[in-house]
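S.K.: The structure follows.
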Amino acid sequence: MAGFRDEDKRHFPLQDIKSVVELFRSQLSCSVEPNLALLSVTLGYIENVLTNNRALNKVDSGANLEPIFPVVELAPVEALYHKFVCQIKGSVDLSQFTHGVATRDLVKKVSDVIWSSLSRSYHTDRAHLQSLYSYLTGNRLDCFGVAFAVVAACQVLGYKDVHLALSEDHAWVTFGDKGAETAEVTWHGKGNEDKRGQPISVGVAEKSWLYLYGYPVQCTRSMEVAAMVSAINPSIDSHTDSIEMASLQQELLWLLYDMGHLRKYPMALGNLADLEEIDPTPDKPPPIQLFHEGIHAGKVYYNNQHVYPYTYLGSHHYRRGQFKDALHCWAQAANVIRSYNYNREDEEIYKEFLEIAHELIPNMLKSVSLSALHSPALSPASSTDDSSEKSNGRSTPVSVPLSPLLNDPECFAYLLQLYDGICQWEEGSSTPVLHIGWAKHIVQSINSFSPQVRSKLNILLIGDQGEVIKDEEEEEEEEKEKDKDESKTEEKEEPKKGRGRGSKGSRAVAKGKGEKNG
Ligand SMILES: FC(F)(F)Cc1cc2c(N3CCN(c4nnc(C(F)(F)F)s4)CC3)ncnc2s1
């Protein structure tokens, strides 16, 4: 694997964001595949300078603002790259391994080389541990970083078949003919024995969200570049981000988007949409379109087994106070999780649903109730006069009008679908999901809706072909007809075996009454 080619060298020294984007463009558009190690060292170097708050003690002296963006010389980047190449080639005796596609032994050997060179003890969930710069200068990598380093090392050894596989909270590798083999190469979470070297089969069989039911993002080399760009962490500390690092990430994600490399990568689309919401790029698609492209990709390429595309959009709507849309997204997210069994390694998505149910929805219900209280309908001029005091001598409380949200049966239906999805997620799981704290919030949320709305609910039965089996109104009509008929003639035929609740695959969909069949 050669180092930088001449056409790459001409971008150095990198002086600004544009020069980094042009380096990535040339790496991504030429015939030879992009060099993961070189690009990762370059990004890690820049991230280290821009987010290392020691560097921020350079105050601007008024007249001349200190240049923030570092000048990245070729020499230090190439030196680190060669250190990586020597370490990998020095540790793996290729004569033992067949050329062509990689074997499980080779992948395990490379994972062991990375693993054994990590420093003994460090906080693995800290920021800025995702790049080869961190690995080569500090021997520290996070869980994603180890998987990425294994793929970059296999590329250095000349294996074009070893690729990164990504779920929403884990990473592993595929290799062999048609990438049909899988192997764990890193650890996951806290207190879980690492399964390095093993194939992924058990995780999928257990139906755990962590392995996405066998629908992970299967990266190409360009998507591995997208993963390293997505993994950029612009944070300086828990309250501050480096604007330059965030805008470098944003511009690199647009480069990858425009080249079509984010098409099958929902989380990268979500990352770009979040950055665009903060600082929109002129003449680019709006965040809402990117979020929907992520949802579409999840449906088209991953059998709609990914949860984050819906929670990305749900968070976006929530931040903008579009609470009905947020509830709809969260209901769709729960509709995905219902098909999984909860497993102890699925805590990340559990925490996501916990935050939605225990923080975001209660805050939402509070804020709509408060705004209803202060709504013009209640201001003194238009509020009901105090006749109630006169009429019965006692002051009867003026009934507080509920906000439109709490009077909307569809919103109530979304809330029920959210909770129903979480309940079904728990069914058949080895680990319980719900506890009494959940019940408190479920009751509180349901009680926030008006009794009228809760009675207006219309449960439709949808068969597994998506057809409406019958709704309750039809059922009532049929009952009335039947009662009439029965008074005339004896019931002859067997009652029709409806594909109702008892049948396999049908599910109840709650819809607001009187709405068009959507
Ligand atoms: F490799 C692992 F183990 F790290 C798993 C991966 C995570 C992840 C990611 N994330 C994780 C999810 N993430 C989210 N940010 N907001 C989210 C939402 F809850 F709003 F949906 S999800 C930030 C970026 N973004 C790009 N690619 C990846 S691959």
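S.K.: Using 7 Å Cα-to-Cβ label points, what is the LYS83/VAL71 separation (nm, one decimal)?
M.R.: 2.2
S.K.: Out of every Cα pair in region 218-274, what percent are spaced more than 14 Å from each other?
M.R.: 50
S.K.: Probe of 1.4 angstrom, ligands and nucleic acids ignored: what's the accessible area per residue over the chain, in square angstrom?
M.R.: Numbers: 25790 Å² over 518 residues.
Per-residue accessible area for the chain comes out at 50 Å².
S.K.: Largest first, please: the extent of the C-alpha atoms of region 217-331 along each principal axis, to the nearest Å.
M.R.: Largest first, region 217-331 extends 35, 34, 29 Å along its Cα principal axes.
S.K.: For region 162-215, state which GluC sites (Glu not before Pro) are in a DSSP loop and have at most 15 other beta carbons lying within 10 Å of their beta carbon.
M.R.: Here the GluC sites (Glu not before Pro) that fit, given the DSSP loop and packing criteria, are GLU193.
S.K.: Now a separate question. What is the helix-to-structure angle for 436-448, meaning the angle in degrees between its Cα long axis and the longest Cα principal axis of the chain, kept from 0 to 90 and rounded to the nearest 10?
M.R.: So the helix axis and the longest Cα principal axis differ by about 50 degrees.
S.K.: Let me cross-check ASP237: its accessible surface, 1.4 Å probe, with only protein heavy atoms counted, in Å² to the nearest 10?
M.R.: For ASP237, the solvent-accessible surface is approximately 70 Å².
S.K.: Then there's this: Read phi for every residue in region 451-460 and hand back ³J(HN,Hα) as whole Hz from Karplus 6.51 cos²θ - 1.76 cosθ + 1.60, θ = phi - 60°, with x for Gly and Pro.
M.R.: Values, residue by residue: x, 4, 4, 5, 8, 6, 5, 10, 8, 9 Hz.
S.K.: Can you give the angle from 0 to 90° between the axis of helix 17-29 and the longest principal axis of the chain, with both taken from C-alpha atoms, to the nearest 10?
M.R.: That works out to roughly 90 degrees.
S.K.: Report the extension gain between GLN15 and GLN198 in nm, rounded to one decimal, defined as 0.36 nm multiplied by the number of residues separating them, less their alpha carbon distance.
M.R.: 61.5 nm
S.K.: Then there is this: At ARG320 and THR98, where each label point lies 7 Å from the Cα along Cα→Cβ, what is the point-to-point distance in nanometres?
M.R.: In this crude spin-label approximation the distance works out to 5.4 nm.
S.K.: Any idea what diffusion coefficient region 401-457 gets from Stokes-Einstein, in µm²/s, Kirkwood Rh on alpha carbon pairs, 25 °C, 0.890 mPa s? Present the calculation step by step, with values, prior to reporting the outcome.
M.R.: Working: Rh = 12.4 Å.
D, rounded to a whole number, is 199 µm²/s.
S.K.: Among the listed pairs LYS89/LYS195; LYS109/LYS351; LYS18/LYS195; LYS83/LYS207, give every one whose C-alpha distance is greater than 30 Å.
M.R.: In this structure, LYS109/LYS351; LYS18/LYS195; LYS83/LYS207 exceed 30 Å between Cα atoms.
S.K.: Also: Roughly what angle does helix 221-230 make with the longest principal axis of the chain, taking Cα atoms, 0 to 90 degrees, to the nearest 10?
M.R.: 70
S.K.: Can I ask one more? Note down the relative contact order for region 111-266 as a percent, whole number, built from C-alpha pairs under 8 angstrom at least six residues apart. It would help to have the intermediate numbers written out before the result.
M.R.: On the way: 213 pairs, mean separation 25.7, N = 156.
Across region 111-266, relative contact order equals 16 percent.
S.K.: Scan the chain and hand back the longest stretch that contains none of the trypsin sites (Lys or Arg not before Pro) lying in DSSP loops with at most 11 other Cβ atoms within 10 Å.
M.R.: Details: sites that count: LYS58, ARG120, ARG126, LYS190, ARG394, LYS492, LYS496, LYS497, ARG501, LYS504, LYS516.
That would be 191-393.
S.K.: Do you know the relative contact order of the chain, to the nearest whole percent, from alpha carbon pairs under 8 angstrom that are 6+ apart?
M.R.: Normalised by residue count, the contact order of the chain is 10 percent.
S.K.: Here is a follow-up. Can you quote the Å³ per residue value for the convex hull of the Cα atoms in region 87-162, rounded to an integer?
M.R.: Enclosed volume per residue, from the Cα hull, is 84 Å³.
S.K.: Using only Cα atoms, what Kirkwood radius does the chain have, in angstroms?
M.R.: On the way: mean 1/r = 0.0377 Å⁻¹.
After inverting the pairwise mean of 1/r, the radius is 26.5 Å.
The values are calculated or read from the model by the stated rules, or taken from the named source; none is laboratory data. As the structure is a computational prediction, the values presented were derived from the model and not from experiment. Positions of Cβ are backbone-derived with ideal geometry, glycine not excepted, and every protein chain shown enters the neighbour counts. These accessible areas exclude ligands, DNA and RNA; they are computed on the full protein's heavy atoms, side chains included. Shrake-Rupley method; radii C 1.70, N 1.55, O 1.52, S 1.80 Å.
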